[in-house]
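The values are calculated or read from the model by the stated rules, or taken from the named source; none is laboratory data. Note that the structure is predicted; figures quoted are calculated from it, not measured. Here Cβ is always computed from backbone atoms with ideal geometry, including for glycine, and neighbour counts include all displayed protein chains.
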Amino acid sequence: MPDPVYDALIVGAGASGMFAAQELTAQGLRVVQLEAGPEIGVGNFDPSSVRRQSDINLWQRIKAFVGGQGIQARAAFFDARQRHLFVNDRELPYTTPPDAPFVWIRSRQAGGRTHVFGRVLLRWTDDDFKMRSRSGRGVDWPIGYDDLVPYYEEVERSLALYGEQDNVPTLPDSLYGHRAAMTSAEQIFKRDVESRWPERKIVTWRYIGPEATRVLRPLRDAIASGSLDIRYNSIVSRVLTDEAGRQATGVEVIDRLTGQKTAVLARSVILCASPVESIRLMLNSASAHHPNGLGNSSGTLGRYFVDQLPCVVAGTYTKAKGWASADPAPADPFYGPSGGIYMPRFVAPDGRSADSDFAFQGSIGRYSTPDDADARFSFFGYGAMDADPDNRVTLNTNRRDAWGIPIPHIRCKIGEHDRTTLKQQIGAIVETIEQAGGRIDYVGSPLGLEEKGRGAYPDANPLSRFVFRKMFSRTMVMGAAIHEAGGARMGDDAKTSVLNGWNQSWDLPNLLVTDASAFASSGVSGTTLTIMAMTVRACRNLALRLKSEPRSET
């Protein structure tokens, strides 16, 4: 018997792929999901593998480097317990221009990077979606906040977020299943900051708690439907099209373990592989009808690639002692406690966003510290990056990965306006912390490392501190925020964008892209919740169209 022709084929099983599977199976469609990596379960999160970590994890990073994870080991939170949840960089290399390094942190397994991210899920606003209307820079998305609200709510109900009703206009509240909490140090910090600067709001993280099965609910629901066929270790190398090049018909797949090539057919294809991978796949699917890459009649495929502008600051908080977890979620023996605080865009007197295109995520008093010692803090800043057409993902056809696929070449270089934003961003967090009672040890960004007070990691051994300083310029570069986006952006004009407002390819309407490559701008908050909501919206629209068309049985 010939292989079935599925209603929908999903590439990837991460944040977007799992919600695509949940939505399409809930609509009664026959779905196949192709995941490049292995299946993941409880056995991959053995608590006994957790060892006490130092701040810098020097030897663990060196071991990972020797084992082929030289890029992955540069992630700020990298440690040995999660090493198997990151890719091997020797198998999956990429290149960058000499003057524009980019750290591409990635995972290949069911769940993707949802196993290694901070679990923080934040809504965007029209400050992000309508950037040009607000500031005169960038581009407006073809959709806005109101279009995504019902889908944000669906995702939030599914994941049962931890959070608090904060009523901050620059960071809309979510629907919460559980309450979040601040440490006593964070409560003092919030009081002092908001009393001094009413426009600077401090809120709790909005985040998901630990999942005992290690499979998030959307994928569990899709599997339970009986309508999902998941194929692991299935690397998609090309999207196939009909003879006219107007419809996607399926994909070419390489078995990760055997190297065998097969074709999987479907009435629609949804790319959820992550920004760089989805772009690479479309470029590698060039044909006579699509000579510059699949769906690239606009010439913009791969262009306008962005990340968020990163900065980091750490030190001690003189108004509080010791530490506490303050995480009301069930204890997780693998990851440990979560939670923290977030400072969104500043609020102008009229309730709109002030001229501050950055936000900060951090924690105070959650790091192990003697009871009589000042509490420790760290913050990571995220700034809006200009979408530059020269920042792009292309194919390096001179090199191939372990499965014979041309590797990506990534250019993501900050411009002069980005430098200005970074300087404002750093100035704002330094001012806030120092005038609220914090003592900064170091602050760094792609602009460089500045040590203050006791210097970076004052309690670490001299060798670790030396290596940290030497490696900082190779680590705190673009990509460090791990919020890369764009390259297959949506728009309202087929001449200037790759996708329409429903995440459909202008050139092949049954080809959707719903990961962050569809983003038209970088935003300043995490991308994951918006990816999930956008995917539900796009797939529901796709399902309505597919159910109105005749279904083939083979």
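Counting only residues that are crowded, with 19+ Cβ neighbours inside 10 Å and under 23 Å from the mean Cα position of the chain (by Cα), which one in segment 159-183 is farthest from Leu529 (Cα to Cα)? Before the answer, list the steps.
Residues of segment 159-183 that are crowded, with 19+ Cβ neighbours inside 10 Å, as a first pass: 159, 161-163, 170-171, 174, 180, 182-183.
Filter again for under 23 Å from the mean Cα position of the chain (by Cα), leaving 159, 161-163, 170-171, 174, 180.
Details: Leu159: 10, Leu161: 11, Tyr162: 14, Gly163: 14, Thr170: 16, Leu171: 13, Ser174: 10, Ala180: 18 Å.
Per the criteria, the residue is Ala180.
Of the residues in segment 284-318, how many are in a helix (DSSP H, G or I) and closer than 26 Å to Thr114 by Cα?
The first filter runs over segment 284-318 and keeps only residues in a helix (DSSP H, G or I), leaving 284.
Keeping just the survivors that are closer than 26 Å to Thr114 by Cα gives none.
Of the residues in that region, 0 qualify.
Test Gly501 against the criterion of being part of a strand (DSSP E or B), at negative phi and at pLDDT 95 or above, and give yes or no. Step through it out loud before you land on a result.
On the way: part of a strand (DSSP E or B): no; at negative phi: yes; at pLDDT 95 or above: yes.
So Gly501 does not fit the description; no.
Of everything in segment 388-439, what is in contact (Cβ under 8 Å) with a residue 12 or more places away in the chain, surrounded by fewer than 16 Cβ atoms within 10 Å (Cβ to Cβ) and basic (Lys, Arg)? Give them in sequence order.
If the condition is that a residue be in contact (Cβ under 8 Å) with a residue 12 or more places away in the chain, surrounded by fewer than 16 Cβ atoms within 10 Å (Cβ to Cβ) and basic (Lys, Arg), then Arg399, Arg419, Lys423, Arg439 are the ones that fit.
Could you check segment 437-466 and list, in sequence order, the residues that are part of a strand (DSSP E or B), over 11 Å from Gly315 (Cα atoms) and either of a type outside the set (D, E, K, R) or touching a Leu at 6+ places or on another chain (Cβ under 9 Å) (or both)?
The first filter runs over segment 437-466 and keeps only residues part of a strand (DSSP E or B), leaving 438-445, 448-451.
The next check asks that each one be over 11 Å from Gly315 (Cα atoms); those that pass are 444-445, 448-450.
The answer is Gly444, Ser445, Gly448, Leu449.
Name, by its number, the condition in (1) of a type outside the set (Phe, Trp, Tyr); (2) touching a strand residue (DSSP E or B) at 6+ places or on another chain (Cβ under 9 Å); (3) within 28 Å of Ser497 (Cβ to Cβ); (4) crowded, with 17+ Cβ neighbours inside 10 Å that does not hold for Ser133.
Failing condition for Ser133: (4).
Out of all the residues in segment 442-454, which are under 30 Å from the mean Cα position of the chain (by Cα) and surrounded by fewer than 21 Cβ atoms within 10 Å (Cβ to Cβ)? Write out each step before concluding.
First pass over segment 442-454, keeping only residues under 30 Å from the mean Cα position of the chain (by Cα): 442-451.
Matches in segment 442-454: Pro446, Leu447, Gly448, Leu449, Glu450, Glu451.
Looking at segment 395-436 only, could you name the residues that are touching a Ser or Thr at 6+ places or on another chain (Cβ under 7 Å), within 18 Å of Ala100 (Cβ to Cβ) and assigned to a helix (DSSP H, G or I)?
Leu422
Given the conditions (1) under 26 Å from Ile410 (Cα atoms); (2) hydrophobic (A, V, I, L, M, F, W, C); (3) in contact with a helix residue (DSSP H, G or I) (Cβ under 8 Å, 6 or more places away or on another chain), and given that Ala8 satisfies all but one, which numbered condition is not satisfied?
Tallying (1) under 26 Å from Ile410 (Cα atoms); (2) hydrophobic (A, V, I, L, M, F, W, C); (3) in contact with a helix residue (DSSP H, G or I) (Cβ under 8 Å, 6 or more places away or on another chain), Ala8 fails exactly one: (1).
Looking only at segment 349-387, filter to residues that are among the aliphatic types (A, V, I, L, M) and in contact (Cβ under 8 Å) with a residue 60 or more places away in the chain; which one of those is farthest from Thr527 (Cα to Cα)? Step through it out loud before you land on a result.
If we filter segment 349-387 for residues that are among the aliphatic types (A, V, I, L, M), which is where we start, we get 354, 359, 364, 373, 375, 384-385, 387.
Imposing the further condition that a residue be in contact (Cβ under 8 Å) with a residue 60 or more places away in the chain reduces the set to 354, 359, 364, 375, 384-385, 387.
Details: Ala354: 21, Ala359: 13, Ile364: 24, Ala375: 30, Ala384: 12, Met385: 14, Ala387: 16 Å.
So the residue we want is Ala375.
Looking at Ser505, Ser522, which is the one that is surrounded by 19 or more Cβ atoms within 10 Å (Cβ to Cβ) and farther than 26 Å from Gly245 by Cβ? Full working, then the answer.
Details: Ser505 fails: farther than 26 Å from Gly245 by Cβ.
Among Ser505, Ser522, only Ser522 is surrounded by 19 or more Cβ atoms within 10 Å (Cβ to Cβ) and farther than 26 Å from Gly245 by Cβ.
Which condition number in (1) over 15 Å from Asn510 (Cα atoms); (2) surrounded by 17 or more Cβ atoms within 10 Å (Cβ to Cβ); (3) under 28 Å from the mean Cα position of the chain (by Cα) is the one that His290 fails?
(3)
Please go through segment 194-233 and give me each residue that is in a loop (DSSP other than H, G, I, E, B), β-branched (Val, Ile, Thr) and over 19 Å from Ser107 (Cβ atoms), ordered by number. Explain how you work it out, then say what you get.
Within segment 194-233, the first condition is being in a loop (DSSP other than H, G, I, E, B), and the residues that meet it are 197-202, 205-206, 208-216, 225-227, 232-233.
Imposing the further condition that a residue be β-branched (Val, Ile, Thr) reduces the set to 202, 208, 213, 215.
The answer is Ile202, and nothing else.
Any residue in segment 229-240 that is farther than 17 Å from Met18 by Cα sitting within a Cβ distance under 9 Å of a residue that is part of a strand (DSSP E or B) and among the basic types (Lys, Arg)? List the pairs, counting only those 6 or more apart or interchain.
Pairs found: Ser237/Lys261.
Among the listed residues Ala8, Ala21, Ala26, identify the single one that is within 20 Å of the chain's Cα centre (by Cα) and either of a type outside the set (Lys, Arg) or buried (at least 24 other Cβ atoms within 10 Å of the Cβ) (or both). Reasoning before the result, please.
Working: Ala8 fails: within 20 Å of the chain's Cα centre (by Cα); Ala26 fails: within 20 Å of the chain's Cα centre (by Cα).
Unique residue meeting the criteria: Ala21.
Can you confirm whether segment 473-484 contains a residue that is in a strand (DSSP E or B) and either of a type in the set (Asp, Glu) or within 26 Å of Leu240 (Cα to Cα) (or both)? Spell out the reasoning first.
Taking segment 473-484 as the starting set, the residues that turn out to be in a strand (DSSP E or B) are 478.
Right, trim to either of a type in the set (Asp, Glu) or within 26 Å of Leu240 (Cα to Cα) (or both) and you get none.
No, segment 473-484 contains no residue that is in a strand (DSSP E or B) and either of a type in the set (Asp, Glu) or within 26 Å of Leu240 (Cα to Cα) (or both).
Residue pairs, Cβ under 7 Å, 6 or more apart or interchain, first in segment 60-87 and farther than 20 Å from Glu277 by Cβ, second part of a helix (DSSP H, G or I) and of a type outside the set (Gly, Ala, Ser). List them.
Matching pairs, first to second residue: Ala64/Gln72; Ala64/Arg83; Ala73/Arg61; Ala73/Phe65; Phe78/Arg61; Phe78/Gln72; Asp79/Gln60; Ala80/Gln60.
Name the pairs whose Cβ atoms lie under 6 Å apart, with the first residue in segment 139-153 and farther than 14 Å from Leu175 by Cα, the second assigned to a helix (DSSP H, G or I) and not hydrophobic (A, V, I, L, M, F, W, C), and 6 or more positions between them or separate chains?
Val139/Arg132; Asp140/Arg132; Asp140/Ser133; Gly144/Asp126; Tyr145/Asp126
Consider Thr496 against the criteria (1) more than 20 Å from Met131 (Cα to Cα); (2) more than 24 Å from the chain's Cα centre (by Cα); (3) touching a residue at least 12 places away in the same chain (Cβ under 8 Å): it satisfies all of them except one. Which criterion is unmet?
(1)
Quick one: count up the residues across segment 235-251 that are closer than 14 Å to Pro291 by Cα and either in contact with a Lys or Arg (Cβ under 8 Å, 6 or more places away or on another chain) or crowded, with 20+ Cβ neighbours inside 10 Å (or both).
3
For segment 379-408, enumerate the residues that are within 30 Å of Leu257 (Cβ to Cβ) and among the aliphatic types (A, V, I, L, M).
Keep residues of segment 379-408 that are within 30 Å of Leu257 (Cβ to Cβ), which gives 393-408.
Val393, Leu395, Ala402, Ile405, Ile407 - these are the residues of segment 379-408 that are within 30 Å of Leu257 (Cβ to Cβ) and among the aliphatic types (A, V, I, L, M).
Quick check on my filter: what residues within segment 79-99 are in a loop (DSSP other than H, G, I, E, B) and buried (at least 19 other Cβ atoms within 10 Å of the Cβ)? Talk me through it step by step, then tell me what you get.
Applying the first criterion (in a loop (DSSP other than H, G, I, E, B)) to segment 79-99 yields 79, 86-94, 96-99.
Result: Phe86, Val87, Asp89, Leu92, Tyr94, Thr96.
Test Val467 against the criterion of being buried (at least 18 other Cβ atoms within 10 Å of the Cβ) and of a type in the set (Val, Ile, Thr), and give yes or no. Break it down into steps so the answer makes sense when it comes.
Details: buried (at least 18 other Cβ atoms within 10 Å of the Cβ): no; of a type in the set (Val, Ile, Thr): yes.
No; evaluated as a whole, the condition is false for this residue.
If you scan segment 392-432, which residues turn out to be of a type in the set (A, V, I, L, M, F, W, C) and under 18 Å from Asp89 (Cα atoms)? Break it down stepwise before answering.
From segment 392-432, those of a type in the set (A, V, I, L, M, F, W, C) are 393, 395, 402-403, 405, 407, 410, 412, 414, 422, 426, 428-430; that's our starting set.
Across segment 392-432, the qualifying residues are Val393, Leu395, Ala402, Trp403, Ile405, Ile407, Ile410.
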